[in-house]
Amino acid sequence: MPDERWQELELSRFWRELLASPGGPVAGEGDLDPNLADTLRHLHAMSRTPPPAGASERLDRGMLPRLASPPNGKESTDMHRTHALSLPRSGIGPNRWAPRRTGPADSTGRARARLRWASAQIAMALLLLVTLVIGYVAYRDNRAAVIPPTPGTPTVVATPATHAWPTWGGNAARTRNMPGPAPLGQPVVLWTFPASGESGIGQIVDGATIVDGVLYVPGTSGFAALEAATGRELWRTTEVGGIGFIDGDGIVLRSAERSGNGYDLIRINRTDGSIAWRTEQGQIGDPWGPVVADGVGYVPSGTDLLAFDPATGNTVWRVPLGTPASRGVSEAGGLVVVGNQNGTVYGISVAGHDVVWKYETGSVVVGHPSLVGGTVYVFGRGGAPGAAIYALNAATGALEWRFAVPSGAILSNVAIGDGTVYTMSSDGEVYALDVATGADRWTFHIGAGGDANSPVLIGDDLFLVGGSGILYAVDATAGTERWHVSLGSHSTFTPVVVDGIAYVGTDMGTVLAIGGSGSAATPTR
């Protein structure tokens, strides 16, 4: 194919794809500046449309006055009429729309006119090329910088890494259902803290957390950061304790010592345990674990629900609860749920900063709620109704079902799986309940121990500690034992299971890391 024809086709294809098509990438989406696009369209039209009368004279006067001096005015004008705007779409070759001269012409005038018009063709081609390059760069940069997401495309939301367990209950909703994986095979004790000859941090308090390979453990006489792979102590502090929440490079929790009627709300640095800020002095209760969701922290404080900035401790907003909370809060889907010491469960809007519903359980103690699938699950105990698990509609607070055991035994906080809610009773029974009805699917007996310790779900494995100090792994589908291992001491600890290792604390002050015989090799000490 001749070069002229090939270039003509290439430029024509570019025009079609870039500008000429109404639904094209530029014209249809508005990524190119409208003025630039309009200029390009005019240039494109000039290359495809017969020249208007007088175009050659205007071009000659406006663009090329110094290219050459015409030998005579008439010859120059005639010659420009002959060759004016003869540039095709490719800028090369004859123009089928240009009028042809048939009469004789002066050879010198013709040569000068041809030279002059060739220069005009080159100038126009360069102008067109520069304009197109500018247009393409603007188009490319706009596409890269500001192209909006396609409607209906789901927003990518970051999810916690599998090696993170940022709070008691596993997440801000306290579902106690985490990605794991669980230990494989039979149980293997990988390490015990404190090692022989080392001092401990007193009785291990429920509420351990883990992130980035560091396990943070509260005790009655200290708070320690342990290397998760080996159990080696990294640092300890006596300034804080209780249930905390890992937030970036810090942990938000309560002070170790009371100031007045309660504890202070504190943030410590994960690197060394030093205090970053302290606020709400004497207003935080012992079991009131905070949560952080979407950059805002929530915790009961005095007789209020406090929303605070976890980076500074500054108050964002408050909602009065009437009486002090019974336990800490949970958050999911823009709803914060907390129960007070009168047995009232509150649903509080994050957006409206107000109470959207209440439910009266009649209990004295209301546990940490769990939120999932549009339902709130919370235990209540004491008072006339006795001990029970309540399933409440998260939108309205209406009761969906209530589960209580005939013996009146206390029930624990729940772990929530796919269609099943798991809870443990103080008389040594583990129950799997239907999420829709509360009907008992199966019961697993581990022996009475006087405690109702919260279970956790990792895949299809349920982990829980019996009151006698035994860690059980139970098939969550069938309700049968996979294995058990003695911890050597009584425990009320909720297991933390991350990366194939279960971490458990005891009343004797020991922390054990228990892996599986089929798991990857892990350093021991």
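At-a-glance table
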{"item": "Subset of the stretch 454-482 (residues that are among the polar types (S, T, N, Q), within 22 Å of Met508 (Cβ to Cβ) and within 30 Å of the chain's Cα centre (by Cα))", "result": "Ser454"}
{"item": "Residue list for the stretch 292-318, filter: open to solvent by 10 Å² or more (accessible area, probe 1.4 Å) and within 20 Å of Trp357 (Cβ to Cβ)", "result": "Ala293, Thr303, Asp304, Trp317, Arg318"}
{"item": "Strands (runs of 3 or more DSSP E) contained entirely in the stretch 245-330, each with at least 1 residues that are touching a Lys or Arg at 6+ places or on another chain (Cβ under 9 Å)", "result": "250-255, 263-269, 275-284, 291-293, 296-301, 304-308"}
{"item": "Of all residues making up the stretch 319-358, the number that are open to solvent by 50 Å² or more (accessible area, probe 1.4 Å) and closer than 17 Å to Gly382 by Cβ", "result": "3"}
{"item": "Every residue from the stretch 271-291 that is within 27 Å of the chain's Cα centre (by Cα) and surrounded by 19 or more Cβ atoms within 10 Å (Cβ to Cβ)", "result": "Gly273, Trp288, Gly289, Pro290, Val291"}
{"item": "Failed criterion for Gly197 (all others in (1) modelled with pLDDT of 55 or more; (2) open to solvent by 30 Å² or more (accessible area, probe 1.4 Å); (3) part of a helix (DSSP H, G or I); (4) not hydrophobic (A, V, I, L, M, F, W, C) hold)", "result": "(3)"}
{"item": "Members of the stretch 487-504 that are assigned to a strand (DSSP E or B), more than 26 Å from Arg441 (Cβ to Cβ) and out of contact with any Leu (no Cβ under 8 Å at 6 or more places or on another chain)", "result": "Val498"}
{"item": "Residue count for the stretch 226-244, restricted to those that are surrounded by 21 or more Cβ atoms within 10 Å (Cβ to Cβ) and either in a strand (DSSP E or B) or not hydrophobic (A, V, I, L, M, F, W, C) (or both)", "result": "7"}
{"item": "Which numbered condition Asp206 misses (of (1) surrounded by 22 or more Cβ atoms within 10 Å (Cβ to Cβ); (2) in a loop (DSSP other than H, G, I, E, B); (3) in contact with a Gly (Cβ under 9 Å, 6 or more places away or on another chain))", "result": "(1)"}
{"item": "Residues of the stretch 211-225 that turn out to be more than 29 Å from the chain's Cα centre (by Cα) and either among the aliphatic types (A, V, I, L, M) or in a loop (DSSP other than H, G, I, E, B) (or both), as a count", "result": "2"}
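This table checks each residue for (1) among the basic types (Lys, Arg); (2) open to solvent by 10 Å² or more (accessible area, probe 1.4 Å); (3) modelled with pLDDT under 95; (4) in contact with a Leu (Cβ under 8 Å, 6 or more places away or on another chain).
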residue: Val421; (1), (2), (3), (4): no, no, no, yes
residue: Asp440; (1), (2), (3), (4): no, yes, no, yes
residue: Gly449; (1), (2), (3), (4): no, yes, yes, no
residue: Ala473; (1), (2), (3), (4): no, no, no, yes
residue: Ala478; (1), (2), (3), (4): no, yes, no, no
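The values are calculated or read from the model by the stated rules, or taken from the named source; none is laboratory data. Given the structure is predicted, the values throughout are model-derived calculations rather than measurements. Ideal geometry is used to build each Cβ from the backbone, glycine not excepted, and the neighbour counts take in all protein chains shown. The protein model used for the area step is the full one, side chains on, heavy atoms only, and it has no ligands, DNA or RNA in it. Shrake-Rupley method; radii C 1.70, N 1.55, O 1.52, S 1.80 Å.
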